[in-house]
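Only the coordinates and a few stated rules stand behind these numbers; no lab work does. All values derive from a computational prediction rather than experimental measurement. Glycine gets a Cβ as well: all are built from the backbone with ideal geometry, and neighbour counts include every protein chain shown.
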Amino acid sequence: MEFQVTASLLDACVLAAVAEEDTYGYALTQRLRAVVDVSESTLYPVLRRLQKQGLLSTYDQPHNGRNRRYYVVSPLGRQEHRANQEAWESFKSRIDRLIDGAASAAATDGVEGVPA
Amino acid sequence: MSDHTNMSMSEYLADLEKHLHTLPKEERSEALRFFEEYLHDQYEPAAATADAAAAAADAAAAATDAAATAAKAGITGSSLPTPKEAAARIKAELALNEADARPGIRRLAKGVWLTFLAVVAAPLAGALAITAAALVFSLLLVCALLSLSCALVAVSLVLAGIVEMVIGAYLVPQDFPAAIFDFGLGLVCLGIGVFSGIASLALSRNALRGVANLARRLLSRIKREARTAAIHLSKGQGGIA
């Protein structure tokens, strides 16, 4: 079963990937596509939105006779990234408890009245 | 859907530009730059491998040449969507951002419209949007009709009051007690009319505010849905991954 990535989760993923290291459009797309199932055209709007929200900024660097636009996380973006990390940690552990809890309940199937 | 896999890079970009012509100049050139860079980067590694034998000093130039050749040969192998789809996504996102940046009741209508445009580009959220729009519209209609009927009652009470008072004034020489009665009745009507007019105005303003708040909440929900829907809409429609 495939879980769908929501817009807010994708925003968090993009921010995290750029926080890892400054990167450019193509590399960022490949990095994300290795992890989440998104189309190549999805990322431009996300990057543009994060840029407008002041979470990302850009700088140009020459590459093979042209300029490559690199994305970098702003101080505000760092804050947001840390908040995302905490939110994700809490979300993940709640879901883990539920799913793992269900798994261990299935393992002890037939034993009734087991205190949680 | 037009086949865009045989397009050259410049054809792709020209087509994209055409589909983005409604956007502000800055937004358009930002988007074009991104996709141009993306296509260059996409073909560069392949081109560089093909020219691995080239001298290290020439590698960069060779890579650029090879990339240009690849570009001319067409963007085969690219999983980019058609220029039209890419443009729709960009426009949708811009519309959603615009809608975010517009607070206030008066600008809410603009926000609703822009979100509608975005939703059209991401039809998966369409059902939700249409339901919400219908709900908000009918609530607005109810508010408007209620306010209108309250206003009509108030206006007719005021008019009746004035007429009664005039009749009362005419009756003074003939029948003083009846004149006083009519005048008094007129005053009562006028008073109730003015009071209910003010009350209905306040009521309709509050009701309107309520509907606006509801619309705003629905709007932000739909925007979330539209963004998520857009992610999954554009996935798998590139058709050539």
Debye log10 I(q)/I(0) for the range B:132-230, one point scatterer per Cα, at q = 0.15, 0.19 Å⁻¹
-0.70, -0.86
Inter-label distance, nm, simple model (7 Å from Cα along the C-beta direction), B:ILE167/B:THR22:
5.9
Estimated distance in nm for a label pair at A:ARG33 and B:ALA178, the labels positioned 7 Å out from Cα along Cα-to-Cβ
9.4
Taking every alpha carbon pair in the range A:1-97 and sorting the distances into 5 angstrom bins from 0 up to the bin holding the longest one, the percent per bin comes out as 2, 12, 23, 24, 19, 11, 5, 2, 1, 0, 0
In nm, give the distance between the simple-model label positions of B:ILE192 and B:LEU146, each being 7 Å from the Cα along the Cα-to-Cβ direction.
2.1
Applying 1/(1 + (r/R0)^6) with R0 = 25 Å to the Cβ-Cβ distance of A:GLN51 and A:ILE95, what FRET efficiency is obtained, to the nearest 0.05?
0.25
